[in-house]
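The values are calculated or read from the model by the stated rules, or taken from the named source; none is laboratory data. None of the values given here were measured: they were computed from a predicted structure. Note: ideal-geometry Cβ built from the backbone for every residue, glycine included; neighbour counts use all protein chains shown.
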Amino acid sequence: MQLSFSFLARELYHASKNTAHRSPDGYKATEILAAINKLGVNDENKSKIVASGALKSYVMLLSSGCSSEEQFLSAQGLWTLAMKCPDDVRNQENCVTGVYLRIVCTLTHILVDLAVSVTS
């Protein structure tokens, strides 16, 4: 059976464009990211995820207007995909120019948020 990621990629794209970050079918961007990331652990799936066009949405969900969870899951997914498909991730428009900085910033924001919630 050939697994296609086109449905998940399409849902993620629509969720990333929607102000509520929900797909037309009602899935949250974080739910879709978590699902794709889990499937991306398998090396064979990494290439299929990249081929589905999901990278564009991953990069969009790294932006500062997204939640810490969305940014974290996007960074995590890009990191995982880069292990098998480094050139695809590197060549994704708007990805490499800021992805490493965004990952560091995202992780920093998450750590700050955690520190604030622990001390509150």
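So which residues in segment 7-62 are β-branched (Val, Ile, Thr) and in contact with a helix residue (DSSP H, G or I) (Cβ under 8 Å, 6 or more places away or on another chain), if there are any at all?
The answer is 30, 32, 36, 41, 49, 50, 59.
Give, as residue ranges, the helices (runs of 4 or more DSSP H) completely inside segment 1-95 that count at least 2 residues that are of a type outside the set (Phe, Trp, Tyr) and modelled with pLDDT under 90.
In segment 1-95, 43-51, 54-60, 68-84, 86-91 are the helices (runs of 4 or more DSSP H) which contain 2 or more residues that are of a type outside the set (Phe, Trp, Tyr) and modelled with pLDDT under 90.
May I ask you to list the residues in segment 1-47 that are loosely packed, with under 12 Cβ neighbours inside 10 Å and acidic (Asp, Glu)?
Matches in segment 1-47: 25, 43, 44.
Only one of 4, 68 is under 30 Å from residue 114 (Cβ atoms) and small (Gly, Ala, Ser). Can you tell me which?
None of the other options fit; the residue is 68.
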